[in-house]
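Reviewing the structure listed below.
Any read-out appearing in this document is the output of simple, stated calculations on the displayed coordinates, not a laboratory observation. The structure displayed is predicted, hence computed values, not measured ones. Here the Cβ positions follow ideal geometry from the backbone for every residue, glycine too, while neighbour counts run over all protein chains shown.
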């Protein structure tokens, strides 16, 4: 296993100002106040300089997922493995790496055309998080194991078996759980973990999605943080894609809120942490222990 964590996301937005208001005033993330020549804006949640880069665009979608490797050697080994398997690798310039606050990165497409930015050597910012809404903190590290990333993202993968092989055999993640959601005709979701205790850092949804991401997740430290955030979301008029509930496989107690432009954000707490040396991948046929009543926008029209 090589991938250390899902480190950051690049998000395209038709209204970056609205996304920043949502990120800071609803989710409680911190404006990183990074000057960017291309006009992007950045959201922080810990000692990383940013976790979400919000970029102006004429569409709303996920641009890329940044996956971190523990060292330059591990990163180069992963690139060699991908190249040997016939995948096109585009090395980022020093200027582009500096913009992402990393030592070096390379871009590759997975078999479902999701864009990945593989990197090593994140430059940290040790200014303490100051949540504008008073969130006590976000779960991104664990004791001595180090960084666990921003949370997780669920990517569309209609050709899920080929994409799963790509992540497990070439990129360097491990299969945690396969979920067959009830009532979805045998569709499956594969959950993959990185080399940290988080139950999954990337998941693959066995179907398409117009925004290039099914949802992204951030984990707050306490249930009170989650409850207060949901109150702010309701006051702000945000659409709740799913009410509060608890998942079966990762134990996350969460709700789903639509960001400006439609990307779903799972906001939760209590996710389980796993010792991978003593774990056997599971198969789930239920998604939730309780709650998570879904209200897709088309259902309300």
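Some points to look at:
- Structure remark: mean-square fluctuation, Gaussian network model of the chain, C-alpha springs under 10 Å; the largest value among 207, 237, 245 belongs to 237.
- The stretch 253-301-the stretch 24-102 distance, computed between alpha-carbon centres (Å): 24
- Of the residues 55, 35, 68, the one that moves most in a GNM of the chain with alpha-carbon contacts below 10 Å is 35.
- Burial ordering of 234, 188, fewest other beta-carbon atoms within 10 Å first: 234, 188
- Residues 280, 214, sorted so that the one with the fewest Cβ neighbours within 10 Å comes first: 280, 214
- Whether the stretch 1-103 is rounded, prolate or oblate, judged on the alpha carbon gyration tensor where a/c under 1.5 counts as rounded: prolate
- Taking every Cα-Cα distance in the chain and sorting them into 10 Å bins from zero, the calculated P(r) comes out as 6, 29, 39, 22, 4, 0 percent.
- MRE, 222 nm, helices only [DSSP H, n ≥ 4, -39500 (n - 2.57), over the chain, to nearest 500]: -4000 deg cm²/dmol
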